[in-house]
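What follows is a set of notes on a single structure, which appears directly below.
Where a number appears in this text, it was derived from the coordinates with a stated rule and is not lab data. Please read these numbers as outputs of a predicted model, since none were measured by experiment. Neighbour counts run over all protein chains shown; Cβ positions are idealised from the backbone, glycine included.
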Amino acid sequence: MTGRLAVVIVHWQDRAETLACVDSLAAEPPDHVIVVDNGSREPVGELLADHAPHVDVVRLPENRGFAGGANVGMERALARGADVVLLLNNDARLYAGAQAAARAALGGDRRIAIVGARVVTREDPARLWLAWGEVTYRQSLVALRGADVPDGPAWRTPRDVAWVAGCAMWFRAEALRALGLLDETFFAYHEEVDWCARAREGGWRVLYWPDAVVTHTGRGSHGNPRSIRVRKYFAARNTILFARKHARPLEWAKLAAFLAVMLPSELVYRAVTGGAAETRLKLEGIRDAIAGRRPPFERLGLR
């Protein structure tokens, strides 16, 4: 697909990762690079002004979550005439040829709204970080396909999927204008699952494209205790928000049954083995979603 390509990177802490992410774009330079400094305690604007003066830096006064920060960058990209917008995590890196591969995929069918990468693990590129995802309406809402398994032929075939890895997503600008941007109610986690569901419901295609290769670091229990708490709370909360938007009655019943059975069992198990606080955070996230309560941003260290 020809036309203008913009890359949006959301920065929140870890300046070294953001600088390295910007550097990884040099092999296939986009027309516009936007870094959204999402109220970070480690501002990156001055460093980028010296290190990569071509980068367009937007500084937000507070953390608006991944969805909110991404939307600011994508709005700016669309306003500057982007035809394709790559939303890239600051801890993701592009392999050579990834941009060209993703744009070729978008050019193959105007019904394709979004293209996702084959994501390999930075620490061991022979293993996948993620290929694509499905929506199961089990306790965790989603299932990860190709997560932490050896890379190989099974993951090298393009396919339409329920959702693609949120660390590297090439959006067709036309689809963003038609469907809207990410739902900022989610703040972080499952916002890409929601956008892909909206696209499919609107008659667009969501495509996994294995020739577009990206590296990503860490998974699951990796990260500091604060980041794990944030993930536990918002993944549980946003499961309910997603179901409200997309679930049919039988899917709601399935989700409710899994939550009713699995979470109490998990709480009892964790009370004995350790980690009960994380399960309580899941329960708190579900409660807050049902009650329409504001997330505890300050307690989670997000503002």
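What does the C-alpha gyration tensor say about the overall shape of segment 49-192? Classify as rounded when a/c is under 1.5, otherwise prolate if a/b is larger than b/c, or oblate. It is rounded, given that a/c, with a ≥ b ≥ c, falls under 1.5.
Extension gain for R138-A154 works out to 3.3 nm (0.36 nm per residue, less the C-alpha to C-alpha distance). Quick one: if the Förster radius is 25 Å, what FRET efficiency do A96 and D50 give, using the C-beta to C-beta distance and rounding to 0.05? Result of the calculation: an efficiency of 0.45.
Applying both filters, DSSP loop and at most 16 other Cβ atoms within 10 Å, to the trypsin sites (Lys or Arg not before Pro) of segment 176-267 gives R219.
Each of H190, H246 was scored by other Cβ atoms within 10 Å of its Cβ. Listed from fewest to most, they are H246, H190. Across the alpha-carbon set of segment 147-294, the Rg to Rh ratio works out to 0.99, Rh being the Kirkwood radius. In the chain, the DSSP-assigned H stretches of four residues or longer account for a calculated mean residue ellipticity at 222 nm of -13000 deg cm²/dmol, using -39500 (n - 2.57) per stretch and the full residue count as denominator. Length gained on full extension, R111 to A257: 49.0 nm, using 0.36 nm per residue less the C-alpha separation.
Within the chain, which complete DSSP H helices have Cα atoms spanning at least 18 Å along the helix axis and a mean Kyte-Doolittle hydropathy of 1.6 or higher?
none
Here the simple spin-label model places points 7 Å from the Cα toward Cβ, and for I290 and S265 these points are separated by 1.9 nm. Convex hull of alpha carbon positions in segment 225-291: directionally averaged projected area 4.5 nm². Taking amide H as placed 1.01 Å from N in the peptide plane, G3 has no amide H partner under 5 Å among residues 5 or more places away or on another chain. Contact order, relative form, for the chain: 18 percent (alpha carbon pairs under 8 Å, 6 or more residues apart, mean separation divided by residue count). Across the chain, the longest piece that holds none of the GluC sites (Glu not before Pro) lying in DSSP loops with up to 15 other C-beta atoms within 10 Å covers 124-297. Residues whose amide H comes within less than 5 Å of that of N90, counting only those at least five positions distant or on another chain, are V10 (H built at 1.01 Å from N in the peptide plane). Note on E42 and T217: the extension gain reaches 61.0 nm, defined as 0.36 nm multiplied by sequence separation minus the Cα-Cα distance.
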